[in-house]
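Have a look at the structure below before the remarks.
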Amino acid sequence: MSDIAERVKKIVVEHLGVEADKVTENASFIDDLGADSLDTVELVMAFEEEFGCEIPDDAAETILTVGDAIKFLEKNSS
Amino acid sequence: MRRVVITGLGLVSPLACGVEASWKKLTAGQSAARRIDQFDVSDLSCQIACQIPRGDGSDGTFNPDDWMEPKEQRKVDDFIIYAMAAATQALENAGWKPTDYEDQIRTGVMIGSGIGGLQGIEKASLLFNEKGPRRLSPFFIPGRLINLASGYISIHHGLKGPNHAVVTACSTGAHAIGDASRLVGLGDADVMLAGGTESPICRLALAGFAACKALSTHFNDDPTKASRPYDRDRDGFVMGEGSGVVVLEELEHAKARGATIYAEVIGYGLSGDAYHITAPAEDGDGAYRCMMAAVNRAGIEPVDIDYINAHGTSTPMGDEIELGAVERLFGNAAGKTAMSSTKSATGHLLGAAGAVEAIFSTLAIRDNIVPPTLNLDHPSIDTAIDLVPHNAQQRTVDTVLSNSFGFGGTNASLVLRRYDA
């Protein structure tokens, strides 16, 4: 697993208070991990903070699963 | 109006987490004041407060994890966590857990706060200044709003009746209980969770209240002596934190389910001083009219009141003004009643104070015990009223008046009476 994937999963575990083994790449934040719309906004902010990048609102709307976040950050993080 | 009784109590106080643990320490004459050690106070004129004893949840300590999931705690200010703790205790104490729709829509919440999430506002504004708008959490607003205490409690416990919040500074808790009892009395709900909550102990609030000249500043090295209502050496209040919540219930509803009835809410009075933003009116007329309104609503005479839980914050002006108003209320009968300020032990819980003190008033009726006014070594004026210095007293307590007065000149009084079947 990539370093980026590890760091993404750690943030998801911390922010959503879920067990680490539930945070698979296919897991949807809202459908599988109990997040609501505000939680997903905060998650995106936490990714921006951790990876020192900006995630525009239209890109954020496409990040629905853990895997989506990892893919986006692998392409865009500094 | 329908009759309204108190059937559940919940409390997170600076003395302890829990009703009985707090009451035990209060009647034993213990003070909760100590130096603040959670943040730097070296440049503040007041360096003490009555802080909730945090711990693992045993021995009366407060463990937030017992009341709200850690991931939820991150989103809210402490005043919401305290309210959740007190409300959950009160519901358990009342044995009321509405699960079917009809019971849920007849159960409401009215928890107020004087200030709300000041700590979170302080932190967020610093972050905003440093990092700009994109770093502001989506939970910043909902985690600070005063009515979100009522909101979280309603969501967590499935309470679908009236959902409301009071904001009247230091009268909040008493107004919430009074207003909620009217909702029950008028039939808008059969059960209401009512009370107040506050988490003001941060640098911003200490500096702000000190700027108003409201806080004690001469007892930083002797914190337990600082809150001393009616004493000649008092120099301001000591800030406290916590939450008090009661379950108010329509009498027949309570009887039908065999609930324990602690007391009946028989009187509620309100008034405005129309005088000054922070100082009470010097003639005490607002306080007098407020108490009189509660007594009239209760259909009793002042002399029927066995105990008064005073507002008594330990400020130089306020204590004597309240005392004068009580003397005017009682006239020649002043020598027959007892009045104490439990803020001498708990500090001033601001928007939670009136609710916490209504709980202590209820327990005074239950146990026939009047809690003491600590540190009352040298009363600043003579009075025929027994101010219960230093030690609790065993005496017959059937009827209690509880006073709360707030910034802006807002006054609330409650009259509670032993329930006779």
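The values are calculated or read from the model by the stated rules, or taken from the named source; none is laboratory data. The shown structure was predicted, so the numbers you read here are calculated from the model rather than taken from an experiment. Note that we place each Cβ from the backbone using ideal geometry, even for glycine, and neighbour counts take in every protein chain shown.
Couple of notes before you dig in:
- Qualifying position, being surrounded by fewer than 24 Cβ atoms within 10 Å (Cβ to Cβ), at positive phi and at pLDDT 95 or above, among B:GLY187, B:GLY195, B:GLY161: B:GLY187
- Out of B:SER13, B:SER58, sole residue that is more than 22 Å from B:ASN391 (Cα to Cα), of a type in the set (Gly, Ala, Ser) and not assigned by the TED database to the domain that holds B:SER341: B:SER58
- Among the numbered conditions (1) away from chain B (no Cβ under 14 Å); (2) modelled with pLDDT under 95, the only one that A:LEU64 does not meet is (2).
- Evaluation of B:LEU145 against (1) within 14 Å of chain A (Cβ to nearest Cβ); (2) over 28 Å from the mean Cα position of the chain (by Cα) (one fails), failing number: (2)
- Restricting attention to the stretch B:121-171, the residues being assigned to a loop (DSSP other than H, G, I, E, B) and among the hydrophobic types (A, V, I, L, M, F, W, C) number 10.
- One residue from A:VAL18, A:VAL23, A:VAL44, A:VAL13 being among the β-branched types (Val, Ile, Thr) and free of Cβ contacts under 8 Å to residues at least 12 places away in the same chain: A:VAL13
- Tally of residues being buried (at least 18 other Cβ atoms within 10 Å of the Cβ) and either at pLDDT below 95 or in contact with a strand residue (DSSP E or B) (Cβ under 9 Å, 6 or more places away or on another chain) (or both) across the stretch A:6-15: 1
- Test for B:GLY8: is it outside the structural domain of B:ALA352 (by the TED database) and not in a loop (DSSP other than H, G, I, E, B): yes
- Set side by side, the residues B:ALA176, B:ALA210 differ, and just one is under 21 Å from B:ILE81 (Cα atoms) and either assigned by the TED database to the domain that holds B:GLN104 or among the hydrophobic types (A, V, I, L, M, F, W, C) (or both), which is B:ALA176.
- The set of residues in the stretch B:263-287 being of a type in the set (Phe, Trp, Tyr) and farther than 15 Å from B:THR410 by Cβ is empty.
- Residue match in the stretch A:67-78 (condition: touching a Leu at 6+ places or on another chain (Cβ under 6 Å), more than 10 Å from chain B (Cβ to nearest Cβ), small (Gly, Ala, Ser) and not in a helix (DSSP H, G or I)): no
- Residues within the stretch A:47-60 that are acidic (Asp, Glu), under 12 Å from the mean Cα position of the chain (by Cα) and either part of a loop (DSSP other than H, G, I, E, B) or under 16 Å from B:GLU72 (Cα atoms) (or both), tallied: 0
- Unique match (being within 11 Å of chain B (Cβ to nearest Cβ), surrounded by fewer than 20 Cβ atoms within 10 Å (Cβ to Cβ) and either more than 22 Å from B:SER137 (Cα to Cα) or of a type outside the set (Gly, Ala, Ser) (or both)) among A:GLU19, A:GLU49: A:GLU49
Conditions tested, residue by residue: (1) among the acidic types (Asp, Glu); (2) out of contact with any Cys (no Cβ under 7 Å at 6 or more places or on another chain); (3) more than 12 Å from B:ARG134 (Cβ to Cβ).
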{"site": "A:ASP36", "(1), (2), (3)": "yes, yes, yes"}
{"site": "A:ASP39", "(1), (2), (3)": "yes, yes, yes"}
{"site": "A:VAL44", "(1), (2), (3)": "no, yes, no"}
{"site": "A:GLU48", "(1), (2), (3)": "yes, yes, no"}
{"site": "A:PHE51", "(1), (2), (3)": "no, yes, yes"}
{"site": "A:PRO56", "(1), (2), (3)": "no, yes, no"}
{"site": "A:ALA60", "(1), (2), (3)": "no, yes, no"}
{"site": "A:ILE63", "(1), (2), (3)": "no, yes, yes"}
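- Scanning the stretch A:22-46 for residues that are part of a loop (DSSP other than H, G, I, E, B) and either within 12 Å of another protein chain (Cβ to nearest Cβ) or of a type outside the set (Gly, Ala, Ser) (or both) returns A:VAL23, A:THR24, A:GLU25, A:ASN26, A:PHE29, A:ILE30, A:ASP31, A:ASP32, A:LEU33, A:GLY34, A:ALA35, A:ASP36.
- Residue match in the stretch B:388-404 (condition: modelled with pLDDT of 95 or more and assigned to a helix (DSSP H, G or I)): no
- Positions within the stretch A:1-16 being hydrophobic (A, V, I, L, M, F, W, C) and away from chain B (no Cβ under 14 Å), in sequence order: A:MET1, A:ILE4, A:ALA5, A:VAL8
- There is at least one residue in the stretch B:41-64 that is free of Cβ contacts under 8 Å to residues at least 40 places away in the same chain and basic (Lys, Arg).
- Residues of the stretch B:186-211 that are farther than 20 Å from B:LYS97 by Cα and either touching an Asp or Glu at 6+ places or on another chain (Cβ under 8 Å) or in a strand (DSSP E or B) (or both): B:GLY196, B:THR197, B:GLU198, B:SER199, B:PRO200, B:ILE201, B:CYS202, B:ARG203, B:LEU204.
- Selection of helices (runs of 4 or more DSSP H) fully inside the stretch B:12-120 by the criterion of at least 3 residues being surrounded by fewer than 19 Cβ atoms within 10 Å (Cβ to Cβ), within 14 Å of chain A (Cβ to nearest Cβ) and over 18 Å from the mean Cα position of the chain (by Cα) returns B:70-73.
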